[in-house]
Structures are given as structure tokens and as C-alpha cells.
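Heads up, the thing below is written out as C-alpha cells.
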Amino acid sequence: MMFRSMHVTFGAALTTLAMMISPQVLAQHADIEAVVIGGKLIVDEENAAPVAFGTGYKIFEGDFGDLPGGLTGTDDPGFLAPSGTFLSGEQLWYHALGTLSFWNGTSWAVAPSGIALTVEDILGSETLISSLGATNPYGVIDQVDSAGGIHAHIDFSISNVNPVGAYLATFELTSRDASGNLPSPYLDSDPFQIAFNRGLSHEAFEASISALVSPVPEPQTYAMLLAGLALCGAMARRRKEITG
């Protein structure tokens, strides 16, 4: 029974190690889909997007450098709601939260001063997100069509003078009635994040997403795990000697 217990422990340790060092499921270039459940806006109901460790925010991708947007702009990801989600004429809005973050190839931190992400809503109004926070944080994504759905793309752009890396902004979805008035017809969505690539290779950009998704083990965690693996290995060898 003791050896069986050690065998189980060894297997569990290997599984834990694999989880710590293996690639995570990463974000994809896909529209941000919204539905309404229980009177609340829900983003990514199918849970297809990866989730940031610690915050639980879902992560979506955009690319400054796609052909239509040029080197510093993009209209991806877009926003999608299936027919019948809303009442015709209602409005879907975004609300920008917090500050702009930057990936320098090693870690995420607040973006350098002087750099701003600009979000231009469907009416041409602009939101600026920088290390200081969000200015004019609300914007209109689109008005619901006659079938009760939405498929819209708004413009994102980054300052012309900026370092190569990845940029991360946090949003939530909110709503207005057909006249653009409050109170909101639905409760706001949970926050979600959009990571934008600015000049990184695909692999380097996905590494920045993986850093958001994967917890970074403390050195003592690695030490304890390796010590446990060594003990399990010693017990396995001892078992082989006894049975041999």
C-alpha cells in the first residue's frame, strides 16, 4: 500500500510539473461575442477565450500591423451578438477600465509614459488609455439591428512613437436604450482584456499571452517539487531492488 501511494504521488508530481512548464491555451483572433443571461451582459459564454491568472479576465487579441490597419491600427477584435440577443434599436457600448499595460519581452508592467491606445467608437468619439488611466472612457460600439443582433468593428490604434511589444487594455460591455439614455437595459459585463501585438513575432506575442494565463511559480515551489520528485524516484528504485 505504501508503494502504491508513492506511485500515485509520483504521477501527481509529474502532472503538476507538466502543467507548470507546458504551453497554455492561448487567445485567438476572434470577435468578442456577447449574450444576455439573467439580465446581464455575458462575454464569451462558451468560455473559448483563455483566462488571466489572478484576475479571471478573459483575453482576446488584436494586431497592430494587420493589412487594413497599417502598422499602428486595427479594427480587430470586433463585437458580435447573435440575433435575438437584444431589443431592436438598443445600443451596445464599451467602458475602458484602468491603465494601459506593456509587455517588454520579459514581463508585463504599466506602459511607458507618453504612449496611448486610442479607441474610436462608431460615432467617431475617441477614448484614450495610457499609464494615467482612461480619458472619455465610454464609447458606442453599435446600435442593435432589426433582428436583435450586432456585428460591428471599431478602430484601435497605438501612438506612432512606441516600443515594439504587446499592449493590454481592460474593458467591460455596457448598454443604453434606443435613444442612448441610461439606465442601462442590462447589467454590465464582467471585465475582459484585449492584448494587441505591436511588431512581435507570432511566437513572441503568444508568449506574452501565456505570461498572463500562467502563474509564475516561486523558486521555493520549484525546489519543493524537485525534492519531491527526487524522493519519489528513490522510493521507486528501492521498490525495484526489493521486488528484484
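Search region 66-82 for residues being part of a loop (DSSP other than H, G, I, E, B) and crowded, with 17+ Cβ neighbours inside 10 Å, and hand back the single one that is modelled with the lowest pLDDT.
Here is the first cut: in region 66-82, the residues part of a loop (DSSP other than H, G, I, E, B) are 66-72, 75-78, 82.
Narrowing further to those that are crowded, with 17+ Cβ neighbours inside 10 Å: 69, 72, 76-78.
Details: 69: 75, 72: 91, 76: 95, 77: 97, 78: 97.
If we take residues in region 66-82 being part of a loop (DSSP other than H, G, I, E, B) and crowded, with 17+ Cβ neighbours inside 10 Å, then 69 is modelled with the lowest pLDDT.
Hey, among 89, 105, which residue is under 23 Å from residue 207 (Cβ atoms), of a type outside the set (A, V, I, L, M, F, W, C), surrounded by fewer than 18 Cβ atoms within 10 Å (Cβ to Cβ) and out of contact with any Gly (no Cβ under 6 Å at 6 or more places or on another chain)?
Values: 89 fails: under 23 Å from residue 207 (Cβ atoms).
Answer to the selection: 105.
Could you count how many residues in region 143-161 are farther than 15 Å from residue 79 by Cβ and over 21 Å from the mean Cα position of the chain (by Cα)? Please lay out each step first, then the result.
Our first condition is that a residue be farther than 15 Å from residue 79 by Cβ; within region 143-161, this holds for 146-147, 157-161.
Okay, now just the ones that are also over 21 Å from the mean Cα position of the chain (by Cα), so 146-147, 159-161.
Qualifying residue count, region 143-161: 5.
Mind checking whether some residue in region 134-142 is within 23 Å of the chain's Cα centre (by Cα) and charged (D, E, K, R)? Break it down stepwise before answering.
Step one: list which residues in region 134-142 are within 23 Å of the chain's Cα centre (by Cα), which gives 134-142.
Still in the list and also charged (D, E, K, R): 142.
Checking region 134-142: at least one residue is within 23 Å of the chain's Cα centre (by Cα) and charged (D, E, K, R).
Might you check whether a residue that is on the phi > 0 side of the Ramachandran plot and free of Cβ contacts under 8 Å to residues at least 60 places away in the same chain occurs anywhere in region 173-186? Write out each step before concluding.
Let us first name the residues in region 173-186 that are on the phi > 0 side of the Ramachandran plot, namely 180.
Subset that is free of Cβ contacts under 8 Å to residues at least 60 places away in the same chain: none.
No; the residues of region 173-186 include none that is on the phi > 0 side of the Ramachandran plot and free of Cβ contacts under 8 Å to residues at least 60 places away in the same chain.
Considering only residues that are modelled with pLDDT of 95 or more, among the polar types (S, T, N, Q) and crowded, with 16+ Cβ neighbours inside 10 Å, which ones fall in region 125-159?
Answer for region 125-159, where residues must be modelled with pLDDT of 95 or more, among the polar types (S, T, N, Q) and crowded, with 16+ Cβ neighbours inside 10 Å: 127, 130, 131, 143, 157.
Go over the candidates 146, 131, 157 one by one and state the one that is under 19 Å from residue 102 (Cα atoms), touching a residue at least 40 places away in the same chain (Cβ under 8 Å) and out of contact with any helix residue (DSSP H, G or I) (no Cβ under 9 Å at 6 or more places or on another chain).
Going through 146, 131, 157 in turn, just one is under 19 Å from residue 102 (Cα atoms), touching a residue at least 40 places away in the same chain (Cβ under 8 Å) and out of contact with any helix residue (DSSP H, G or I) (no Cβ under 9 Å at 6 or more places or on another chain): 157.
Could we say that residue 55 is of a type in the set (Val, Ile, Thr), in contact (Cβ under 8 Å) with a residue 24 or more places away in the chain and either crowded, with 21+ Cβ neighbours inside 10 Å or assigned to a loop (DSSP other than H, G, I, E, B) (or both) here? Lay out the reasoning, then the answer.
Working: of a type in the set (Val, Ile, Thr): yes; in contact (Cβ under 8 Å) with a residue 24 or more places away in the chain: yes; either crowded, with 21+ Cβ neighbours inside 10 Å or assigned to a loop (DSSP other than H, G, I, E, B) (or both): yes.
So residue 55 fits the description; yes.
Tell me which residues, restricted to region 95-133, are over 18 Å from the mean Cα position of the chain (by Cα), of a type in the set (A, V, I, L, M, F, W, C) and closer than 19 Å to residue 161 by Cβ.
115, 116, 128, 132
Please indicate, with yes or no, whether at least one residue in region 166-174 is in contact with a strand residue (DSSP E or B) (Cβ under 9 Å, 6 or more places away or on another chain), more than 30 Å from residue 105 (Cβ to Cβ), aliphatic (A, V, I, L, M) and crowded, with 16+ Cβ neighbours inside 10 Å. Show your work before the answer.
Within region 166-174, the subset in contact with a strand residue (DSSP E or B) (Cβ under 9 Å, 6 or more places away or on another chain) is 166-174.
From what's left, more than 30 Å from residue 105 (Cβ to Cβ): 173-174.
This time we only want the ones that are aliphatic (A, V, I, L, M), so: 173.
Then keep just the ones that are crowded, with 16+ Cβ neighbours inside 10 Å; that gives 173.
Yes: region 166-174 contains one or more residues that are in contact with a strand residue (DSSP E or B) (Cβ under 9 Å, 6 or more places away or on another chain), more than 30 Å from residue 105 (Cβ to Cβ), aliphatic (A, V, I, L, M) and crowded, with 16+ Cβ neighbours inside 10 Å.
Within region 83-118, can you find the residues that are in contact (Cβ under 8 Å) with a residue 40 or more places away in the chain, closer than 21 Å to residue 199 by Cβ, part of a strand (DSSP E or B) and among the aliphatic types (A, V, I, L, M)? Spell out how you get there, then give the answer.
Of region 83-118, the ones in contact (Cβ under 8 Å) with a residue 40 or more places away in the chain are 83-98, 100-105, 107-108, 111-112, 114-118.
So of that shortlist, the ones also closer than 21 Å to residue 199 by Cβ come out as 100-105, 107-108, 111-112, 114-118.
Those still in the list that are part of a strand (DSSP E or B) too: 100-103, 108, 117-118.
Correct list: 100, 117.
Could you list all residues from region 28-52 that are surrounded by 15 or more Cβ atoms within 10 Å (Cβ to Cβ), in a loop (DSSP other than H, G, I, E, B) and out of contact with any helix residue (DSSP H, G or I) (no Cβ under 8 Å at 6 or more places or on another chain)? Quick ask: steps written out before the conclusion?
If we filter region 28-52 for residues that are surrounded by 15 or more Cβ atoms within 10 Å (Cβ to Cβ), which is where we start, we get 30-36, 41-44, 49-52.
Now drop any that are not in a loop (DSSP other than H, G, I, E, B), which leaves 30-31, 44, 49-50, 52.
Once the filter is applied, which keeps residues that are surrounded by 15 or more Cβ atoms within 10 Å (Cβ to Cβ), in a loop (DSSP other than H, G, I, E, B) and out of contact with any helix residue (DSSP H, G or I) (no Cβ under 8 Å at 6 or more places or on another chain), region 28-52 yields 30, 31, 44, 49.
Considering region 81-94 alone, what residues qualify as being over 17 Å from the mean Cα position of the chain (by Cα) and at negative phi? Steps first, answer last, please.
Here is the first cut: in region 81-94, the residues over 17 Å from the mean Cα position of the chain (by Cα) are 81-93.
Once the filter is applied, which keeps residues that are over 17 Å from the mean Cα position of the chain (by Cα) and at negative phi, region 81-94 yields 81, 82, 83, 85, 86, 87, 88, 90, 91, 92, 93.
The values are calculated or read from the model by the stated rules, or taken from the named source; none is laboratory data. As the structure is a computational prediction, the values presented were derived from the model and not from experiment. Counting neighbours? That spans all protein chains shown, and the Cβs are built from the backbone with ideal geometry, glycine included.
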